[in-house]
1. Cα convex hull of the range 46-97: mean projected area in nm², to one decimal?
2. First measure r as the distance between the Cβ atoms of residue 39 and residue 92, then evaluate 1/(1 + (r/R0)^6) with R0 = 25 Å and state the FRET efficiency to the nearest 0.05.
3. Taking springs between alpha-carbon atoms closer than 10 angstrom, which of 66, 77, 91 fluctuates most in the Gaussian network model of the chain?
4. How do 14, 78 rank when sorted from fewest to most other Cβ atoms within 10 Å of their own Cβ?
5. Using the alpha-carbon atoms, what tilt in degrees (0 to 90, nearest 10) does helix 15-31 show relative to the longest principal axis of the chain?
6. Determine, for 87, 98, the number of other Cβ atoms within 10 Å of each Cβ, and report the residues in order from fewest to most.
7. What is the angle, in °, between the Cα long axis of helix 46-69 and the longest principal axis of the Cα atoms in the chain? Nearest 10 is fine, range 0 to 90.
8. Work out how far the C-alpha atoms of the chain reach from end to end along every principal axis, then list the three figures in whole Å, largest first.
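What follows draws every value from the coordinates through simple rules; no lab data is involved. Just so we're clear, the structure is a prediction, and the values are computed from it rather than from any experiment. Here the Cβ positions follow ideal geometry from the backbone for every residue, glycine too, while neighbour counts run over all protein chains shown.
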């Protein structure tokens, strides 16, 4: 019993034609390969990440304070001004005073 697919044309492919199709098929498959980059690993310890996060929050709060001060008079009664005031009024000093526990001698 013969193996393989039935020819699509009037005659069977020659070895050279079959090899050319194989190379063309594998060349296009290789170019469509998807690579997924890995996220970089955060090498900081937990207390350092905590301090960095609190510093980021304090810096953002300072930026929002400047933004609220520079807000035009026409927007002083808007929802945006209310949201900015709520952010500015947050007391973040207790967060800055917290020192997270060290972890089993690894930090």
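1. Quarter of the Cα hull surface area: 3.7 nm².
2. Values: r = 28 Å, r/R0 = 1.12.
FRET efficiency, residue 39 to residue 92: 0.35.
3. 77
4. 14, 78
5. The answer is roughly 0 degrees.
6. 98, 87
7. Long axis of 46-69 versus the principal axis of the chain: about 70 degrees.
8. Its Cα atoms span 83, 54, 22 Å along the three principal axes.
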